[in-house]
Amino acid sequence: MLRFKSRVREITSRVRRIPGRVLLAELDCYLRGWANYYAKFKGSRYQLGDSDRWIRRRIRQWLWVQWKTTQKRRENLRKGDVPQKHAILASHIRSAWKASINGAMNTCVTNDRIKWGGLIPLVEHWQRLATL
């Protein structure tokens with residue numbers, strides 16, 4: 001798990017300036033291979049679920065840093081259907097890690113949007129492979 005988390009940290013590094021689709025494609029490729037190997041072990045479903053939540057938080061953190069300024073953050077949160085008041089309050093959060101778990105960020109970047117962007121959750125890989 002330490003190597004897995006280390007590799008995900010490399011892929012979702014906050015200093016990487018790449019398009020989001022490229023990041024999600026690279027991350028999905030790594031996660032698919034990892035899930036294919038570990039899905040066969042008993043009890044892996046719960047660990048995959050925990051890892052899924054952590055990975056989505058890393059993606060939101062990466063996105064927060066990409067937005068850079070409070071004005072850009074507020075604009076993007078508003079585009080993601082966050083109410084004006086919540087967007088203003090959330091845009092002033094300094095820590096990207098704290099912002100990634102904020103309700104406004106979770107409303108803007110939902111799990112469905114991440115999935116639509118191309119990242120299949122590890123639990124879905126497990127469900128597909130556990131039946132084989």
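For the range 102-119, filtering for residues that are of a type in the set (A, V, I, L, M) and touching a Lys or Arg at 6+ places or on another chain (Cβ under 7 Å) leaves 3.
To keep it simple, each residue is scored yes or no on (1) in a loop (DSSP other than H, G, I, E, B); (2) exposed (fewer than 12 other Cβ atoms within 10 Å of the Cβ); (3) more than 14 Å from the chain's Cα centre (by Cα).
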position: Val22; (1), (2), (3): no, yes, no
position: Glu26; (1), (2), (3): no, no, no
position: Arg56; (1), (2), (3): no, no, no
position: Asp81; (1), (2), (3): yes, yes, yes
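For the range 48-76, what are the residues that are farther than 20 Å from Ile18 by Cα and in contact (Cβ under 8 Å) with a residue 12 or more places away in the chain? If the condition is that a residue be farther than 20 Å from Ile18 by Cα and in contact (Cβ under 8 Å) with a residue 12 or more places away in the chain, then Leu48, Gly49, Ser51, Asp52, Trp54, Thr70, Gln71, Arg74 are the ones that fit.
Taking Ser91 as the residue in question, decide whether it is surrounded by 14 or more Cβ atoms within 10 Å (Cβ to Cβ), in contact (Cβ under 8 Å) with a residue 24 or more places away in the chain, within 27 Å of Val15 (Cβ to Cβ) and among the hydroxyl-bearing types (Ser, Thr, Tyr). Judged against the criteria, Ser91 is not a match.
Cβ-Cβ contacts under 8 Å between residues 6 or more apart (or on different chains), taken from a first residue in the range 10-32 that is of a type in the set (Lys, Arg) to a second residue that is in a helix (DSSP H, G or I) and modelled with pLDDT of 90 or more, are listed as Arg14/Gln61; Arg14/Trp62; Arg14/Val65; Arg14/Ala96; Arg16/Leu23; Arg16/Trp62; Arg17/Gln66. Of all the criteria given as (1) on the phi > 0 side of the Ramachandran plot; (2) modelled with pLDDT of 95 or more, the one not satisfied by Asp81 is (2). Here Arg73, Arg60 are screened, and the one residue that is of a type in the set (D, E, K, R), within 13 Å of the chain's Cα centre (by Cα), crowded, with 17+ Cβ neighbours inside 10 Å and assigned to a helix (DSSP H, G or I) is Arg60. If the condition is being farther than 14 Å from Trp54 by Cα, in a loop (DSSP other than H, G, I, E, B) and not β-branched (Val, Ile, Thr), then the range 88-101 contributes His92, Arg94, Ser95. The residues of the range 21-57 that are of a type in the set (Ser, Thr, Tyr) and closer than 19 Å to Trp97 by Cα amount to a single one, Ser51.
The values are calculated or read from the model by the stated rules, or taken from the named source; none is laboratory data. Because the structure is a prediction, the values reported are computed rather than measured. Here Cβ is always computed from backbone atoms with ideal geometry, including for glycine, and neighbour counts include all displayed protein chains.
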